[in-house]
Every structure is written in structure tokens, then in C-alpha cells.
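Structure first, commentary second.
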């Protein structure tokens, strides 16, 4: 299984730290030349591999951590995303009216034709997401939502490997709305930093 993070801002780097902490190799890419962020990647760890966008999207599981308005540009890199699992880590301030009443992840799913999409890891701010998820004998929670149960289970297993406690919220139109930023009204679980004790 191969992994990539598209977007290497605060959230992308926080995710990269989780991979590096667990010795799991992950490609990172932006629309810029990989040399321009190679030193930031190296500072996180040798598991973080800078690549071009075209190279990074060859991965099986792709974390989308770009600005919401940039996702259509990323979607154009491949004619079909069949066989890929996209983890939508983005938040948007666009009101639901601008998105035709759809949760933002449903809009993203339409752009990435053929991909299985899971909303996740977006409810934590970067400073918290980048921390070790082991907290006082428990594990930091990450919420996941998706219309494909197999994809959600796959990302749940990856979240466990990264040290988090995944909680599945249901489909995008249900639980997904709990972790969506929607204009001036926020999903009830946005920015809630919870810890699960087994």
C-alpha cells in the first residue's frame, strides 16, 4: 500500500509527522517543484518523500490537504481516479448554497471521478493533529465519514496504525455533516479534541 499527501501546508505537515512518527513512508506534493519544500520534508523525517504532483497521485491512498478551492486543479491530474482512496482533510467556509446544498465532501467526490472518498482528520487544528496522539494512556480521536464502508474501514485501519482512535460517523450526508465547516455554521464535532480510552 502506498500513501501520498497532496498539500504541504500546516495540515499536510501535521499528517506527515504522524507517518514519520510511525516509520511509514509517504509521498508529499504540491503544485510547486519538489525541491522547493524538500528541506521541510527532510526536517520531519526520512520517510517523507517530496514528489511532483503527477508522481504522488500514483499512490493508493491520497490525503487531500490543499485549500478547498484548489481541489479541482488536483482532480484534473488524472482522467480517472478509479482504484484510489481519497481522504478529504479540507475545510471550506463556502456556505451550503454555494455548494448546491451538498456537504463539501460530496462536491469533492464528484470532482475525483471513480475514487472512493472518506472525510477525515479535518476536525483537528494542525497544531493538535501534529502531536503524538497517545494522550495520558488514551488515543486522540479522528472522525471518519464516507459512503463506501470498505474505504472507511481501510482509512480506519490506517488511522490505528498512525496511533489514532478512529470513530466512524456514517455517510457523508449524515455523520459527514458533523465535521463540516459550513459558512458561518460549523459541524458539532469540528475542532473537538477528544481522547478515547480502551
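The numbers here are math on the coordinates, done by the rules we state, and not lab data. Just so you know, these numbers come straight off a predicted model, no measurement behind them. Quick reminder, even Gly has a Cβ in these numbers, built from the backbone with ideal geometry, and neighbours come from all protein chains shown.
What the table shows:
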read-out	value
Whole-number D in µm² s⁻¹ for the range 68-146, Kirkwood Cα-pair radius fed into Stokes-Einstein, 37 °C, 0.692 mPa s	233 µm²/s
Inter-label distance for residue 126 and residue 102, nm, one decimal - labels placed 7 Å from Cα along Cα-to-Cβ	2.8 nm
Relative contact order %, the chain, counting alpha carbon pairs below 8 Å whose residues are six or more apart	20 percent
Nitroxide proxy distance, nm - points 7 Å out along Cα→Cβ at residue 24 and residue 54	2.8 nm
Helical mean residue ellipticity (222 nm; -39500 (n - 2.57) per DSSP H run of 4+; nearest 500) of the chain	-7000 deg cm²/dmol
GNM result for the chain, Cα springs below 10 Å: residue of 74, 87, 28 fluctuating most strongly	74
Candidates 133, 103, 79: whichever shows maximal mean-square fluctuation once the chain is modelled as a Gaussian network with Cα springs under 10 Å	79
Computed lengthening from residue 94 to residue 149, 0.36 nm per intervening residue step minus Cα-Cα distance	17.1 nm
Fraction of the pair-distance distribution of the chain above 21 Å, Cα-Cα pairs, percent	47 percent
Difference of contour (0.36 nm per residue) and Cα-Cα distance, residue 136 to residue 31	33.9 nm
